[in-house]
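To start, the structure under review is shown below, and the notes come after it.
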Amino acid sequence: MDDLYREIIIERYKTPHYRGHLDPHDIFFEDDNPVCGDHIEITVRTDEDDRVTEAAFDGHGCAISQASADLLIESIHGKTLDEVKALTKDDVLELLGIELGPVRLKCALLSLKVLKAGAYGLGADEVSDELVE
């Protein structure tokens, strides 16, 4: 089963479905993983009920960080911002479908950290790893 998930990760890394930038957007946030140099930027549009109508990501980095961002963006379409704020690292790991060591875990969770920081309207100095616990 891990081989199937590895293929999905490679496919999403090579040909992401949600790479881009929305302009205008209601939510924007970006951050880096200083350990490995991954960078993720997420833009989101919401409707009057704070439901995600469109979302996109851009950035660079390893296959895990980029595939994780693509899968996460796909999963939030139609969710409310409260539902987005409630997402956990287990949700992201379920999307990826493979076990990860501590270093790769930081790569996989960067997009969740960026997404939640944007959903909460945090400033860059307010972001911490606690967002993805």
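The values are calculated or read from the model by the stated rules, or taken from the named source; none is laboratory data. As the structure is a computational prediction, the values presented were derived from the model and not from experiment. Backbone-built Cβ (ideal geometry, glycine too); neighbour counts: all protein chains shown.
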Exercise for the section: Would you check if there is a residue in segment 36-50 being free of Cβ contacts under 8 Å to residues at least 12 places away in the same chain and either part of a loop (DSSP other than H, G, I, E, B) or more than 22 Å from R6 (Cα to Cα) (or both)? Expected result: yes
Problem - Given (1) crowded, with 17+ Cβ neighbours inside 10 Å; (2) outside any helix (DSSP H, G or I); (3) touching a helix residue (DSSP H, G or I) at 6+ places or on another chain (Cβ under 6 Å), number of the condition I98 does not satisfy - result: (1)
Exercise for the section: Quick one: count up the residues across segment 73-95 that are of a type outside the set (D, E, K, R), assigned to a helix (DSSP H, G or I) and within 13 Å of the chain's Cα centre (by Cα). Expected result: 7
Exercise for the section: Please go through segment 109-133 and pick out each residue that is assigned to a helix (DSSP H, G or I) and among the charged types (D, E, K, R). Expected result: K113, K116, D125, E126, D129, E130
Practice task
Return yes when K106 is within 23 Å of S128 (Cβ to Cβ) and either touching an Asp or Glu at 6+ places or on another chain (Cβ under 7 Å) or in a strand (DSSP E or B) (or both) and no when it is not.
Solution key: no
Exercise for the section: Residues being β-branched (V, I, T) and at pLDDT below 95: count how many of those fall in segment 82-100. Expected result: 1
Fill in the blank from the handout: Checking G37, G59 in turn, the sole residue that is surrounded by fewer than 15 Cβ atoms within 10 Å (Cβ to Cβ), under 23 Å from V103 (Cβ atoms) and under 16 Å from the mean Cα position of the chain (by Cα) turns out to be G37
